[in-house]
Amino acid sequence: MPRAVYLQTYGCQMNERDSEEILGMLTAQGYAVAEREADADVILLNTCSVRAHAEERAFGKMGALQQLKRERPELVLGILGCMAKAQREEVFRRLPLVDLVAGPAEIYDLPDLLARVAERRQRDLPDPGAHVLAVDRAVRPLDRRPPADYRARGVSAFVTIMEGCDKRCAYCIVPTTRGQEVSRPLEEVLEEVQRLARAGYRQVVLLGQNVNAYGKRFPDGSGWRGPARRRQLLALGGGGPDAAPPVDVASEAGGEAAGAARLVDFPALLRALDAKTAIERIRFTTSHPFDAHEELFRAMADCRAVCEFLHLPVQSGSDRMLRAMRRGYTAAAYEAKIARLRALVPDVALSTDIIVGFPGETDADFEATVALMERVRYDSAFIFKYSPRPGTEAAGWVDDVPRAVKERRNQALLELQARIARETLAAWVGREVEVLVEERNRRGQLSGKTRRNTTVVFDGPDAIIGALVPVRVARATGTTLIGEVSAPVIESSSERSPA
Ligand code: SAM
Ligand code: SF4
């Protein structure tokens, strides 16, 4: 029986958390975690399909691993995650020595799937067709989540609150690879965060492709989807999502909402975590702008533990492009939401994702994105060159923006964002910020994050790694604040209203 597993992760934070869950399951089955490929009996790649480049890296890596398998035929090779789902048999065609391909909805089956690989091997070796393919499930069965837990060490923990995505952005493969949205029950998330706080974690990062859809569909079929949601909002005195008052968290956590059927949405989850757990910092990603509204911003303003940071991917500043992308909002509607958020949460930090070179993007469309970035002044931005993904709506359109133009637009936005970030960070010099100390960096300095997610470096003893400390900012670079600890270790403070 194989006993040591090596797992490499590509892509987003959801994949990182999935990998932790996979290692949790396998270590509970008696596997050891190998630090190097050479020490492993099973090598798994947890892959990403969002852009072609991510897939090519995984294909390249597995190609090299096949060489290892030629030397050690007993080695088990597996491809998991989004690329497994998107490329299915293509993986076996290009990588004939791979034993197992399993999609994101099948991760909880992994111990069984590996057992099947072992069993087939015993019967069929050396038949190269003796592989296992498991990619057909539409929804991850969250109610079958195994109890085993495993986390990378640190001060911050990922907590997946929902899986899948029901949106249909024209460029995006995620709904195909990760399937339909399904949320973890509130009580389960509360219990996990409480447990993490007790174990010494000071921050959680709540994960979902669109966290604002939390509660829409639970594994038992309940949720606020469709007419039931509207009835609940009416029962709470709201006239629509933007007009709805904050949810009564105390009754929520008990499972009843003001006489109406059960209503648990994302703002209610934030309020419950803030009120009922000892966790000191809560972050979350990703918020789709269409579903981010007043209730969310009020919860961010009211909840002490929720950090003043929002990742709100705009994708483009051109309404024409936003329509083609099927994003469901205009640039003006997006900016109105940001204005409301900034009114409720002063000094909130904002980050975004932008795609350049989407089919049909003209110079004028691109300039609209530049103008939006100048107006919003994000604290950080991820800029992506459009990459056609087979199976998506946009893959059927001509990828008509030349590679050199995509490259030039990408570079221009990176430079613009770097300038804005430099100016924004310079304004923090002289102020005091609360830093969650994470580690000692390669230069020997302590490094941590402010509530606004800015990296701060400073000198100090190892003893304060994991603590929340006040730091006076002395200097700023384009990406980092440099400072010194301004008082002994504190339990908690806020940078919300700097002196
Ligand atoms: N669910 C999140 C949202 O809606 O904002 C993001 C998920 S996706 C994994 C992360 C980012 O990748 C997207 O926001 C988008 O900017 C980018 N992306 C997705 N598909 C892409 C494609 N085909 N080409 C280039 N970038 C893409
Ligand atoms: Fe992809 Fe859009 Fe879903 Fe985000 S919301 S995962 S970009 S389809």
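Working note: 222 nm ellipticity from helices only, DSSP H runs with n ≥ 4, each -39,500 (n - 2.57), summed and divided by the residues of the chain, gives -11000 deg cm²/dmol to the nearest 500. Considering only alpha-carbon pairs that sit under 8 angstrom and 6 or more positions apart, the relative contact order computed for the chain is 9 percent. Above 16 Å lies some portion of the pair distances; for the stretch 322-423, what is it as a whole percent of all C-alpha pairs? So the portion of pairs separated by more than 16 Å is 60 percent. With contacts taken as Cα pairs under 8 Å and at least 6 residues apart, the stretch 1-113 reaches a relative contact order of 27 percent.
Peptides 290-300, 266-276 ranked from most to least packed by the mean count of surrounding Cβ atoms within 10 Å: 266-276, 290-300.
Across the options 77, 15, 30, the greatest Cα extent toward the positive end of the charge dipole of the stretch 1-117 (unit charges at beta carbon of Lys, Arg, Asp, Glu) belongs to 77.
Share of antiparallel DSSP beta bridges in the chain, in percent to the nearest 5? Approximately 35 percent, going by the DSSP bridge assignments. Kirkwood radius and radius of gyration were both taken over the C-alpha atoms of the chain, and their ratio Rg/Rh is 0.97.
Pairs spanning more than 28 Å between alpha-carbon atoms, out of 216/276; 61/85; 406/449; 85/167; 216/337; 85/276: 406/449; 85/276.
Read-outs: derived from the displayed coordinates by stated rules, not from any lab. Keep in mind the model is a prediction, meaning the values are calculated, not measured. Using ideal geometry, Cβ is built from the backbone for each residue, glycine included, and neighbour counts are taken over all protein chains shown.
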